[in-house]
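Below: the structure, in structure tokens.
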Amino acid sequence: MSGAKPRKPAITPPAPLAILRISSRNYSSWSLRGFLIARLSGLPFRVITVSAEDPSTRAELLDNASSILLPCLEHEGAELWDTLAIAEYLNERFPEARMMPEDRIARARCRAISGEMHAGFHALRSSLPFNLRARIPGFTVWSAARGDLDRIFTLWRDCLAEWGGPWLFGARPSIADAMFAPVVMRARTYNVPLDEPCEAFARTIEAWPDLREWVAAAREEPEPRITELELDAEF
């Protein structure tokens, strides 16, 4: 009998965990979108927060940067800092997650409204800064931002009517829901009234476990307030 010791079976090292770099949980609508999209994919990832005191991060939060570089997903050698690019990458990499509707027409609409949210509504972003911890009753929404909100609410109503809710494309959340979730939170911050279908959708978004986790973490975030984004908020 050979005296050689039996070899131990080879152990495959675990794949490196994906990283999602974000800025402020409280002030960054784009970071929230990236987080919700990554969660939709089922990809395990670690969140790394870049301080809001970093000059480039602060410039992004104040809409003074030429490009939005956070959130940024690092996964298997890929580095993606555009929210829609993150969404498309993860949808392609994890098709079993069904991040997009299965129906061709619904999938096309999902891409169209997600792209509209990604590229537009600048008056809304500048007039109603994203601020999860704040509540501002009696806030006046001026005409440009009101036009943005009216367009967004029309998109919601059309999708809910066509695909039956409670999410924009039916019974499960999609990339579009992640893209519009920050608008729901803006509506709550600034006490924007919603009609019945939009209110029902807002409540669906608010009950989303991943969003609730984000909001809870935002309330505990230790970073200092950014006074330019407060607009006489009540806390």
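What follows draws every value from the coordinates through simple rules; no lab data is involved. What you are looking at is a predicted structure, and each value in this text was computed from that prediction instead of being measured. Cβ: placed from backbone, ideal geometry, glycine included. Neighbour counts: every protein chain shown.
The table below gives the values:
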| read-out | value |
| --- | --- |
| Placed amide H near Val47: partners under 5 Å, 5+ positions off or other chain | Leu20 |
| Protection proxy ranking of 95-104, 120-129 - average other beta-carbon atoms within 10 Å, highest first | 120-129, 95-104 |
| Segment Ser143-Val47, length gained on full extension (0.36 nm per residue, minus Cα span) | 30.8 nm |
| About the Cα centre, charge dipole magnitude for region 18-229 (Lys/Arg +1, Asp/Glu -1 at Cβ), debye | 360 |
| Value of D in µm² per second that Stokes-Einstein yields for region 18-229, Kirkwood Rh from Cα pairs, at 25 °C (0.890 mPa s) | 141 |
| Projected area averaged over orientations for region 127-166, convex hull of C-alpha atoms, nm² | 3.8 |
| Under the Debye formula (equal points on every Cα, no solvent term), log10 I(q)/I(0) of region 63-129 at q = 0.11, 0.19, 0.26 Å⁻¹ | -0.35, -0.90, -1.18 |
| Listed peptides 137-146, 194-203 by packing density, highest first (mean Cβ within 10 Å) | 194-203, 137-146 |
| Neighbour net charge for Ile19 - beta-carbon separation under 13 angstrom, K R +1, D E -1 | -1 |
| Simple label model, 7 Å out from Cα along Cβ direction - Ala216 to Glu79, nm | 3.3 |
